[in-house]
Amino acid sequence: MMRRREFVQKGIIGAGALLFGQWSKLAADSAGVGSRIEVLPNEPLGIISPNIYGHFAENLSGVVYDGMWVGENSKVPNIHGVRKELVDEIRKIKPAVVRFPGGCFADSYDWKDGIGPAEKRPRRTNFWAEGERPDASASHKYDPNQFGTNEFVRFCKLVEAEPYLAANVRSLPAEDFYRWVEYCNSPAGSTTLAETRAAAGSPEPFNVRYWGVGNESWGCGGNFTPQEYAVEFRRYATWVPEYGQKLSFIASGASDDNWSWTRGFFEEILRKGKEQLRSIYGIALHYYTWNLSRGATKDWVKGKGDALQFDAVDWYELMREGDVMESLIKGHWQVMAEADPEHLVKLVVDEWGPWYRPGSEATPGDQLEQMPTLRDAVLSGMTLDIFNRHPEKVAMANCAQLINCLNSLYLAHEDKFCVTPVGHVFAMYAGHQGGKALRTIFSAPNVSYDRDGKAASFWGLNGAASLQDKQLVLTVVNPDITVGRETEIGVRGASIRSGSVTTLTHSDIHAHNTFEQRSVVTPQTKALEKSGRTVTYTFPPASVTKLTLALE
Ligand code: AHR
């Protein structure tokens, strides 16, 4: 039996109808009607950090080479080597922050290999090389280092995202960490590394703020105990020059419900005094939704399901497993409070998403690539809503991963490209960024299903609301694959003047976009024609919906 922690420790291995009416007290019933959503503007939860709409791009198989980077001499349209279609699409979702270069890759990466003249950069064995097929592209096995720090920062500038660099703690000394910061942030003309950066075309500093101190340090990032890692963290974070740019360090955190990692890390940090907490911006949490075995196993390999071949129970199991994210956030937050009652340190969920067994790759051979379907879009909406509901706890989140890997927003190969249903969800949810999250009550009948002979149930509607000026964004997930939920929506103490609704759904729960059929699953938007104190909307089965409502 193999759990994910052990695996990684081994090192490799149709829109509904809109009606308006007066607010009335509807009782939830089981026929799919009579659901209610009430938004409470007087109960703010905090400001939703744009950074929870962050991404993760690891140098892993087709993510960088073929995904983001095609090279300047490619026939694929590009901007200084970066795939142009990706730049055009990702701009639409306002990607606040992008994490690079790993993941497990980060703790094998020497940033110095990826700077200087491209033709002089070394080829190195990629962390993920042993998992590549014999016929895989050479760049997936032997990193040509053509996409290094300059190229990544250029990508971030192009898409208007902040870079989040993950430093190598397992195999490079602390000096390399602060020299990387020096390379990125020392002022023009100040240091030798600033001159090296200028010679590559960037005299002005990159001003990188977010720095991860290792990744999964309990496993591929060094196989540390939490106490050992905390000692390393203190050492790496102790003297790092700022050059006028505030640095926000992210500690490597737990996976899943590994409370003892969180507790052990903070206990050791505090042995040098409470002021140590001020050096930590956030602690990471990784959670992948992978176990679709319906409780039969906890084996990391055997427990996985298929991205495309699934039945109704598999759908609900993914939702149930994904919903665990909320209890993990609350649980780790509670453990963090034991050491940090003022919550100076926030949570950074810098890897999340579904993880299926191999076999559904858009580009056969791309490692960890899987085909995102409507199911993954619904899971993604549900997860983003969980983050939206905990704005005081979650400072950043990064979907794993941006392109050609796991919960991809985009798929690409050579000159082929498509936006996945997950990518569309990010576009729909962008309006939450920077909004004031409001407590919202969802009342709907539960979904009931048969879990291998045992009755199981799942909530019927959930979501999140945020307010900016007088504009309310309400995102709602209906996980029921057969029942539409006619729902009365009200905002306590306010009237709804006008609005629009955008819905992502499909009659086939397996629906997905491909290089050949790029628009099978796309959001549909329509305006709300008249105003009233409340609106009634039928959330279609298996859907993600955004309502944008102007209040008065
Ligand atoms: O996202 C793929 C891998 O999952 C990352 O490299 C690692 O951090 C995690 O185990």
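The values are calculated or read from the model by the stated rules, or taken from the named source; none is laboratory data. Since the model is a prediction, treat every value here as computed from it, not as a measurement. Cβ sites come from the backbone with ideal geometry, for glycine too, and all protein chains shown count toward neighbours. Only protein heavy atoms, including side chains, enter the accessible area calculation; ligands, DNA and RNA are left aside. Shrake-Rupley method; radii C 1.70, N 1.55, O 1.52, S 1.80 Å.
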Boolean, residue 163 is touching a Pro at 6+ places or on another chain (Cβ under 7 Å) and surrounded by 17 or more Cβ atoms within 10 Å (Cβ to Cβ): no
Suppose the filter is open to solvent by 30 Å² or more (accessible area, probe 1.4 Å) and either closer than 14 Å to residue 154 by Cα or at pLDDT below 95 (or both); does residue 84 pass it? yes
Taking residue 91 as the residue in question, decide whether it is within 25 Å of residue 182 (Cβ to Cβ) and more than 16 Å from the ligand (Cβ to nearest atom). no
Does residue 344 meet the test of being farther than 30 Å from residue 483 by Cα, surrounded by fewer than 24 Cβ atoms within 10 Å (Cβ to Cβ) and touching a Pro at 6+ places or on another chain (Cβ under 9 Å)? no
With respect to residue 384, is the statement that it is in a loop (DSSP other than H, G, I, E, B) and out of contact with any Asp or Glu (no Cβ under 8 Å at 6 or more places or on another chain) true? no
Farther than 29 Å from residue 42 by Cα and crowded, with 22+ Cβ neighbours inside 10 Å, is that true of residue 514? no
So which residues in the stretch 397-425 are surrounded by 24 or more Cβ atoms within 10 Å (Cβ to Cβ), away from the ligand (no atom under 15 Å from the Cβ) and hydrophobic (A, V, I, L, M, F, W, C)? 411, 412, 419, 425
Identity of the residue in the stretch 140-153, crowded, with 19+ Cβ neighbours inside 10 Å and either more than 13 Å from residue 65 (Cα to Cα) or of a type in the set (S, T, N, Q) (or both), that ends up farthest from the ligand (Cβ to nearest atom): 150
From the option list 189, 116, 148, 219, single residue qualifying as within 30 Å of residue 264 (Cβ to Cβ) and of a type in the set (Gly, Ala, Ser) is 219
Provide a single number: the residues in the stretch 107-139 that are away from the ligand (no atom under 16 Å from the Cβ), open to solvent by less than 50 Å² (accessible area, probe 1.4 Å) and within 23 Å of residue 184 (Cβ to Cβ). 9
Is one or more of the residues making up the stretch 486-508 at pLDDT 95 or above and within 16 Å of the ligand (Cβ to nearest atom)? no
Taking the stated definitions as given, is residue 520 assigned to a strand (DSSP E or B) and either crowded, with 19+ Cβ neighbours inside 10 Å or modelled with pLDDT of 95 or more (or both)? no
Looking at the structure I just gave you, is residue 72 of a type in the set (Asp, Glu), in a loop (DSSP other than H, G, I, E, B), touching a strand residue (DSSP E or B) at 6+ places or on another chain (Cβ under 7 Å) and modelled with pLDDT of 95 or more? yes
